[in-house]
Amino acid sequence: GEAAKLRRRTRALVAHGVTLFLDVRKSLERGYRQMDAWLARTATGELEAIGALIKLMRAAIEAETPLSHALTLSGQDLAVHEDAVLLEPPPPVPAPPPTQREHVLHLTVHQVGLLAARFKAETTTSVLPLAGAIDVLARAAAAGEMPPAWRKFDRSVLQEACRLFVYQHHFMVSWAALVYALSDVPAPEAEELAAAARGLSGYALKSDGTVGAMEWSDHRLWFEPASASEGEEGVDADQGAVAEAEDEDAGFNRIEALKAQLFNSLAMPREPGAAPRLQHERFVLYACDSVPKAFAAMAPEHDGAVSFDELYALLHRDDIPIPSEPAVVLPAHADPFSKDVLNRLFAELNCDPATDRLPYLLIANHPLGAKILNLCELYRVNNVYEVLDNKLNEAGSALDI
């Protein structure tokens, strides 16, 4: 009856359940086999991508070339991203610093510095015998450290150039004044010289009147722009060669280089091994092309009225003592500007050498004072380039022989 039916239904359900479980088992085994195949294909693709990556890297290493692009593994795909730089390319070769255009006759700032170094190697003072100064110029020209025209000049032409800077009373060439003249610095006005003297004296050591490189760079001189707004336009057009060179030499700041060169050329160490320092009174006197300007530069706080010691220093510009140089004192009979002569001048003017100051006009209008100033050849327009240019024009093609 009912029990038999229940047993038949139970057996039928068991058989159907077993069949279902067998079907699920087959489906599961088939799924596993399919996943194994997928994993095998994926692993094979990734290994091939890694192999390609290794091949690229090995080729780059063997060729010693950098990988310039990012390499990315995305599954079995190897992606090269050209917009994502993995290794920065080597920096471009830096452009050479701007240099000053070389002139046929005029020295560049760098050439003036080389010439000053040669003079310093010959002497520890700012003067040199005439023959020695000519030798230095000739050696510099032969070494290619001067413009092309200088290599054509013989010793007679160089002597004529050097004689512009010879002391009448002891026949020594002021090589420092020659270097300053070759630097082509525009001539300042008396007021500009007085301002430079006042400014530099505020930085100078009281013991010897010298300034260091930092103080020198901090003080603005007459050939520098008056304000930052002027930029690198330089000085006015009527101030000479500096402004012209500033326009010609694109990218080269001649004013900045000129100022640094003046310090390096004219500064001397106070003692061996010490940093060089510049005697500021000498410098402003080198810039004077007339005696009235020298008075203004020597006594800027007194409107050019000089004391006895200042007048003596003005007439012995390159003998202003600094510790690194031996003192030069000529015998009274060999020095037309000796202290005996200046004492006589003060006496004839009824002035006390210890306390009184003499303005330029008072000295120039006195017979003895006028004689003294006429004998002083330190402060005149010594255009050495004009002299040499005239020599070139006179000789013409004869110098090319």
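Numerical summary
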read-out	value
Highest-first arrangement of 158-165, 198-205, where packing means the average Cβ count within 10 Å	158-165, 198-205
Peptides 298-309, 6-17 ordered by average Cβ neighbours within 10 Å, highest first	298-309, 6-17
Ordering of 20-29, 212-221, 132-141 by burial proxy (mean other Cβ atoms within 10 Å per residue, highest first)	132-141, 212-221, 20-29
Binned Cα-Cα distance frequencies in segment 138-197 - 10 Å width, integer %	19, 40, 28, 13, 0
Accessible-area composition of segment 147-194, carbon plus sulfur, in percent [1.4 Å probe]	51 percent
Of all accessible heavy-atom area on segment 1-50, the percent that carbon and sulfur account for (1.4 Å)	66 percent
Violating pairs (Cα-Cα greater than 22 angstrom) within the set 152/259; 120/259; 120/339	152/259; 120/339
Modelled FRET efficiency - R0 51 Å, residue 20 with residue 50, Cβ distances, 0.05 increments	0.70
Surrounding net charge for residue 134, when Lys and Arg each add one and Asp and Glu each subtract one, Cβ distance under 14 Å	0
Relative pair counts by distance (%), Cα atoms of segment 95-209, 5 Å bins	2, 10, 17, 19, 17, 15, 11, 7, 2, 0, 0
Residue 62 paired with residue 356, simple spin-label distance in nm, labels 7 Å along Cα-to-beta-carbon	9.9 nm
Principal axes of segment 1-54: Cα extent on each, largest first, Å	79, 7, 5
Theoretical FRET efficiency, 1/(1+(r/R0)^6), r = Cβ-Cβ of residue 203 and residue 110, R0 25 Å, to 0.05	0.40
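The values are calculated or read from the model by the stated rules, or taken from the named source; none is laboratory data. None of the values given here were measured: they were computed from a predicted structure. Note: ideal-geometry Cβ built from the backbone for every residue, glycine included; neighbour counts use all protein chains shown. Please note that ligands, DNA and RNA were not included when accessible areas were found on the heavy atoms of the full protein model with its side chains. Shrake-Rupley method; radii C 1.70, N 1.55, O 1.52, S 1.80 Å.
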